[in-house]
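This report refers to the structure that appears directly beneath it.
Derivation of every value follows stated rules applied to the coordinates shown; laboratory data play no part. Keep in mind the model is a prediction, meaning the values are calculated, not measured. With ideal geometry, Cβ positions are generated from the backbone for all residues, glycine too; neighbour counts draw on all protein chains shown.
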Amino acid sequence: MIKMEKRKTAILVILVAGIGDLILASKSIRAIRNGYPDADIHLLTNSEAVPIAQNYSYVDYLWSFPIREMRKDKRYLLDIMKLVLGLRKIKFDFAVNPYTVSSWLGAIKMGFLFLLLGAKEKIGHDSKGFGLFINKKAPLETFQNRHFADAMMDIALLSGGHRAAPALIPHCVVESACRALPGYELRWRLAKQFVLQFLFADNSRIVSFSAPVLIFWILIYDMAYITIERIVTGKVKSLKEWIDYVGTDHIHHRLYSLFGDKRKAVLFIYFLCATLGISAITLCYARPIDGVLLVVQAFLITIIVSIIEYSGRNR
């Protein structure tokens, strides 16, 4: 008697909104993987987000949806139809859209996509009429007065997922740090792709914590340095004074005073960031002790820089 192999559960996660929304949904996708460890998980996302999604170890198949390209050139509509019909042949057990539907037109488009895919179960947020096209519906209040990542997690749980561990650094912190530097758009894209690998990696909590600490070490060091110096020198004596204080004692001011040249000061900061950033890269698949040692190393490096800087200013 020939034994028939049991077919794997096939799951399609649809996230075609944008890069940031994909990152916010990363925990939700991983939660679906936790709920279905032996399933084939497919991710349909827009072409701009594909490089980010390639870092997701919990996704088996990645499909590029050229939604932005189609808005500029309608010829891409044919490519999208071919893609959808190809996905239909896989015969998904369920398709899930963890993102909210914000307009009637969006609901119709997403509903039409779900109908074409022909999944046995269709899961999403019951908003703007989208509920007419799906079998399992998250309540209307799911996205009201809540962080998108938490709301999307509810939809992942509705589909049978198991809650993933919370990210150690919020999406908004990464974006805020990038906005503070020149070349925001490029840095923001690179930062999301780089930091994502660690924030959602299946690694120890110590390693997951150490990597972003090293990436943002210069910001942490500078804040700690000026806070201690302002308190020790009596420049601030209360929390209010510390918040209100405006001075020229940040690291770029101190280095400019030391070197006498803005370009040299900026290059020094870039080299220092690169040194600690390389340390963060080595943490991928590292042991917890490696994370601890590299953070200690970063601390010692900045102590050496502080001593040299202080000696140079007092010559």
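The figures follow:
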{"quantity": "Net +/- balance of residues flanking Asp244 in space, Cβ distance below 12 Å, scoring K and R +1, D and E -1", "calculated": "+3"}
{"quantity": "Fraction of alpha-carbon pairs over 11 Å apart in region 248-291 - percent", "calculated": "68 percent"}
{"quantity": "Two-decimal Rg to Rh for region 10-158 - Kirkwood Rh, Cα set", "calculated": "0.93"}
{"quantity": "Residue exposure sequence - Tyr36, Tyr58 - by fewest surrounding Cβ within 10 Å", "calculated": "Tyr58, Tyr36"}
